[in-house]
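Engineer: Mind looking over this structure? Questions follow.
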Amino acid sequence: MHWIILPVILPAMLAPILGFVMRHDISLARVASIAGTATLVAIAVGLTMLASDGETHVYRLGDWPAPFGIVLVLDRLSAMMVMLTSLLALVVLIHAVVTGWDARGRHFHALFQFQLMGICGAFLTGDVFNLFVFFEVLLIASYGLMIHAGGRERMQAGLQYVVMNLAGSTLFLFALGTLYASTGTLNIADLAAKVPTIPADEAALVRVAAILLMVVFAVKAALFPVQFWLPATYANAPAPVAALFAIMTKVGAYAIIRVHTLAFGPGTPGTDGLAASWLFPAAIVTIAVGAFGVLGAKRLMPLIAFSIVGSMGTLLVAVAAFSPTAMTAALYYMLHSTFAAAGLFLMADLVVSRRNGDLLRTQAPTIQNGLFAALFFGAAIAMAGMPPLSGFLGKLLILDSLRDPGTIAWAWTAILAGSLLTIVGFARAGSTLFWKSTSVPVASAESEVTDMPEPASQPATAMEIAPTMAAIALLIGLSVFAGPVSNYLEGTSAQLFDRAGYISAVLGPEGEG
Amino acid sequence: MELIVASAIGTLTAGGVYLMLRLRTFPVILGLALLSYAVNVFIFASGRLAIDMSPILSKYGDASYTDPLPQALVLTAIVISFGMTAVLVMIGLGAFLEAETDRIDVASDEAETNETKDGAA
């Protein structure tokens with residue numbers, strides 16, 4: 001049963017070794033980092049198999065019983081998220097190594113492993129304060145990764161990102177203080193047992209805490225009105241780091257799903273429907289912000305960042321329904337949008353490194369124009385939600401699950417119109433980058449290039465394209481195996497809404513009452 | 001005592017928010033420090049205010065005790081916010097040396113217009 005803590009222990013052990021022992025030997029660090037991440041994938045597969053029996057596995061740190069000690073909880077949802085993280089990390093890490101991004105600054109691999117430690121810990125923990133600690137671990141690593149390789153704009157965007165998240169962390173602590181003062185516990189299972197016993201007219205402080213927590217998670221999940229940090233951050237982060245950050249917004253979504261379903265979810269007199277009533281309109285506006293951002297972006301990296309904002313809106317519209325069918329759809333879309341966003345950023349890195357910056361303007365075609373156009377096409381139709389890739393299936397599942405008469409008009413309009421605008425935005429970007437550029441005569445472009453800093457014009461090797469291809473292949477796999485995946489996800493959301501099962505698994509049978 | 005603690009938290013928070021809205025590196029760092037002091041006192045107070053009570057369960061008799069958990073939580077929060085402030089100072093310094101301005105609200109799209117502004121200044 002010690003398996004459950006391995007996704008936290010492995011990167012936590014590996015990172016200091018990478019930072020202190022292998023700091024002067026980049027190839028040794030690369031081998032160790034990739035081997036560690038591949039082991040993490042193997043562990044994640046093992047945990048997913050362990051969790052797929054539908055039981056909630058609990059790991060008591062120091063063997064202290066649950067409400068007093070810290071617990072890690074492995075259920076289908078956590079196992080799936082750890083699996084998603086490790087797969088994404090492996091793809092991104094290989095891209096970073098092959099394109100040489102990891103050697104442009106110091107300590108990339110150590111920070112990368114600390115980031116994985118924080119993300120896996122956040123997915124596995126069963127305690128809200130412990131969630132805060134793992135948030136800080138993943139954030140402090142992400143600060144380092146965000147400003148990796150330096151540069152003026154990246155440092156300024158990094159500073160904004162740090163300030164934004166420090167303010168968010170302070171708010172998180174305020175929420176936890178309020179929650180502890182009103183319930184006397186911070187264990188998620190214990191909260192799930194105690195919050196429903198608070199009568200509605202005494203639950204004012206709990207409601208404040210629930211909404212404060214949602215604001216904090218919304219900052220991570222880039223939900224309107226606290227989404228404004230995301231485009232500047234993702235657009236200025238190194239592209240492989242931005243691809244890894246695709247999972248960071250999902251950490252916020254996961255925290256909303258976990259905490260607001262179990263602790264403040266349906267059936268609690270004090271907080272029932274509270275999260276949904278705020279989450280739904282905010283998610284609708286988020287879709288609109290993302291869609292207009294995609295349409296109006298002048299550069300490629302912000303365009304992709306805005307498409308992530310839009311996808312988070314779509315995801316959270318489904319989460320806001322707080323019903324098992326909608327949650328199944330939301331989880332499927334979460335798997336899809338992570339890989340779609342990562343694929344887009346990795347593709348963008350290949351193109352932008354061969355152009356003069358990422359401005360969306362016509363210039364001479366880069367080498368391998370057709371190949372990049374095909375990759376962009378694949379990733380963009382996935383992100384926009386067109387068939388045959390999994391974005392279409394994900395959006396279809398979400399639309400299908402939102403048939404409630406109160407929500408159908410807003411949700412369907414927002415998702416469908418948002419998808420249309422996203423398609424138009426991506427089509428415009430793609431035709432400017434890849435299609436119109438073929439009409440620019442190469443000769444005149446070359447004379448222009450001579451007095452500019454020459455962009456890397458080597459053709460991309462097979463190894464450089466492989467990670468992007470892998471991300472798209474995972475999307476294809478997700479749509480081919482949509483049946484088995486959604487079976488697993490149905491079990492996941494059933495388990496998620498089975499509050500009594502979670503409580504008795506964590507606190508033991510006597511804690512159920 | 002409740003009034004003093006509550007108004008102290010409120011004043012610290014108000015000052016912190018005001019300084020954060022200045023959008024210059026140094027005031028923002030001070031503002032975040034004030035905010036983290038406020039939240040530390042707030043967490044400490046979430047275990048109820050008590051005077052002359054130890055946070056240890058006494059095994060002799062019925063001596064009452066104060067809740068030890070918020071004190072452990074606040075210790076974690078202090079350590080983390082202290083470390084984070086150090087990171088923020090370093091990144092702020094790095095950004096200032098790179099960009100030669102300590103404003104933190106510069107959108108990347110405005111970079112070109114800012115270059116001319118910096119040149120003039």
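Engineer: Do you know which of the residues in segment A:1-58 that are crowded, with 17+ Cβ neighbours inside 10 Å and outside any helix (DSSP H, G or I) is farthest from the chain's Cα centre (by Cα)?
Structural biologist: A:M22
Engineer: Which one is surrounded by the most Cβ atoms within 10 Å (Cβ to Cβ) among residues in segment B:60-94 that are polar (S, T, N, Q) and in a loop (DSSP other than H, G, I, E, B)?
Structural biologist: B:T66
Engineer: Among the residues of segment A:129-147, count how many are farther than 22 Å from A:M13 by Cβ and crowded, with 24+ Cβ neighbours inside 10 Å.
Structural biologist: Looking only at that region, the number is 2.
Engineer: For the structure I just gave you, tell me whether B:V39 is in contact (Cβ under 8 Å) with a residue 60 or more places away in the chain, assigned to a helix (DSSP H, G or I), closer than 25 Å to A:E136 by Cβ and at the interface with another protein chain (Cβ under 9 Å from one of its Cβ atoms). Explain how you work it out, then say what you get.
Structural biologist: Working: in contact (Cβ under 8 Å) with a residue 60 or more places away in the chain: no; assigned to a helix (DSSP H, G or I): yes; closer than 25 Å to A:E136 by Cβ: yes; at the interface with another protein chain (Cβ under 9 Å from one of its Cβ atoms): yes.
Answer is no for this residue.
Engineer: Among the residues of segment A:415-463, count how many are modelled with pLDDT of 90 or more, more than 30 Å from A:I94 (Cα to Cα) and among the aliphatic types (A, V, I, L, M).
Structural biologist: Qualifying residue count, segment A:415-463: 6.
Engineer: Let me ask something else about it. Under the condition of being facing chain B (nearest Cβ under 9 Å) and buried (at least 24 other Cβ atoms within 10 Å of the Cβ), which residue from segment A:175-187 is farthest from A:V73 (Cα to Cα)?
Structural biologist: A:G177
Engineer: Take segment A:140-164 and flag every residue that is part of a helix (DSSP H, G or I) and at the interface with chain B (Cβ under 8 Å from one of its Cβ atoms). Step through it out loud before you land on a result.
Structural biologist: From segment A:140-164, those part of a helix (DSSP H, G or I) are A:140-146, A:152-164; that's our starting set.
Matches in segment A:140-164: A:I140, A:Y143, A:R152, A:E153, A:M155, A:Q156, A:A157, A:G158, A:L159, A:Q160, A:V162, A:V163.
Engineer: Something else about it: Mind checking which pairs have a first residue in segment B:69-95 that is at the interface with chain A (Cβ under 7 Å from one of its Cβ atoms) and a second that is of a type in the set (S, T, N, Q) and surrounded by 14 or more Cβ atoms within 10 Å (Cβ to Cβ), Cβ under 6 Å, 6 or more apart or different chains?
Structural biologist: B:P70/B:S46; B:A77/B:N40; B:G92/B:T25; B:A95/A:Q156
Engineer: Which of (1) in a loop (DSSP other than H, G, I, E, B); (2) touching a helix residue (DSSP H, G or I) at 6+ places or on another chain (Cβ under 8 Å); (3) over 18 Å from A:A253 (Cβ atoms) is the odd one out, the single condition A:I367 does not satisfy?
Structural biologist: Only one criterion in (1) in a loop (DSSP other than H, G, I, E, B); (2) touching a helix residue (DSSP H, G or I) at 6+ places or on another chain (Cβ under 8 Å); (3) over 18 Å from A:A253 (Cβ atoms) is unmet by A:I367, namely (2).
Engineer: If you don't mind, there's one more thing I want to ask. For segment A:64-81, check the following and say yes or no: at least one residue is hydroxyl-bearing (S, T, Y), part of a helix (DSSP H, G or I), in contact (Cβ under 8 Å) with a residue 12 or more places away in the chain and under 23 Å from A:N487 (Cβ atoms).
Structural biologist: Checking segment A:64-81: at least one residue is hydroxyl-bearing (S, T, Y), part of a helix (DSSP H, G or I), in contact (Cβ under 8 Å) with a residue 12 or more places away in the chain and under 23 Å from A:N487 (Cβ atoms).
Engineer: Just name the residue that is surrounded by the fewest Cβ atoms within 10 Å (Cβ to Cβ) out of those in segment A:370-388 that are in contact (Cβ under 8 Å) with a residue 12 or more places away in the chain and part of a loop (DSSP other than H, G, I, E, B).
Structural biologist: Here the residue is A:P388.
Engineer: Continuing with the same structure: Return yes when A:F134 is closer than 17 Å to B:V39 by Cα, within 12 Å of chain B (Cβ to nearest Cβ) and under 22 Å from the mean Cα position of the chain (by Cα) and no when it is not.
Structural biologist: no
Engineer: Would you check if B:L57 is assigned to a helix (DSSP H, G or I), more than 7 Å from chain A (Cβ to nearest Cβ) and either surrounded by fewer than 20 Cβ atoms within 10 Å (Cβ to Cβ) or at pLDDT 90 or above (or both)?
Structural biologist: It is false that B:L57 is assigned to a helix (DSSP H, G or I), more than 7 Å from chain A (Cβ to nearest Cβ) and either surrounded by fewer than 20 Cβ atoms within 10 Å (Cβ to Cβ) or at pLDDT 90 or above (or both).
Engineer: Given (1) in contact (Cβ under 8 Å) with a residue 40 or more places away in the chain; (2) among the charged types (D, E, K, R); (3) more than 9 Å from chain A (Cβ to nearest Cβ), identify the lone condition not met by B:D52.
Structural biologist: Tallying (1) in contact (Cβ under 8 Å) with a residue 40 or more places away in the chain; (2) among the charged types (D, E, K, R); (3) more than 9 Å from chain A (Cβ to nearest Cβ), B:D52 fails exactly one: (1).
Engineer: Can I ask one more? So which residues in segment A:351-364 are part of a loop (DSSP other than H, G, I, E, B) and under 13 Å from A:Q458 (Cα atoms)?
Structural biologist: A:S353, A:R354, A:R355
Engineer: Looking only at residues in segment A:59-82 that are closer than 28 Å to A:A329 by Cα and among the β-branched types (V, I, T), which one is surrounded by the most Cβ atoms within 10 Å (Cβ to Cβ)?
Structural biologist: Step one: of segment A:59-82, the residues closer than 28 Å to A:A329 by Cα are A:72-82.
Filter once more, so that each one left must be among the β-branched types (V, I, T): A:73, A:82.
Numbers: A:V73: 24, A:V82: 29.
If we take residues in segment A:59-82 being closer than 28 Å to A:A329 by Cα and among the β-branched types (V, I, T), then A:V82 is surrounded by the most Cβ atoms within 10 Å (Cβ to Cβ).
Engineer: Let me ask something additional. So which of A:D190, A:D201 is away from every other protein chain (no Cβ under 11 Å), in a helix (DSSP H, G or I), surrounded by fewer than 21 Cβ atoms within 10 Å (Cβ to Cβ) and charged (D, E, K, R)?
Structural biologist: Going through A:D190, A:D201 in turn, just one is away from every other protein chain (no Cβ under 11 Å), in a helix (DSSP H, G or I), surrounded by fewer than 21 Cβ atoms within 10 Å (Cβ to Cβ) and charged (D, E, K, R): A:D201.
Engineer: Let me ask something else. Would you call A:T85 buried (at least 23 other Cβ atoms within 10 Å of the Cβ) and in a helix (DSSP H, G or I)?
Structural biologist: In short, yes.
Engineer: So for segment B:20-29 (the condition being touching a residue at least 60 places away in the same chain (Cβ under 8 Å), at the interface with chain A (Cβ under 9 Å from one of its Cβ atoms) and of a type in the set (K, R)), does at least one residue qualify?
Structural biologist: No - not one qualifying residue is present in segment B:20-29.
The values are calculated or read from the model by the stated rules, or taken from the named source; none is laboratory data. What you see is a predicted model, and the numbers here were worked out from it, not measured in a lab. Glycine also receives a Cβ, built like all others from the backbone with ideal geometry; neighbour counts cover every protein chain displayed.
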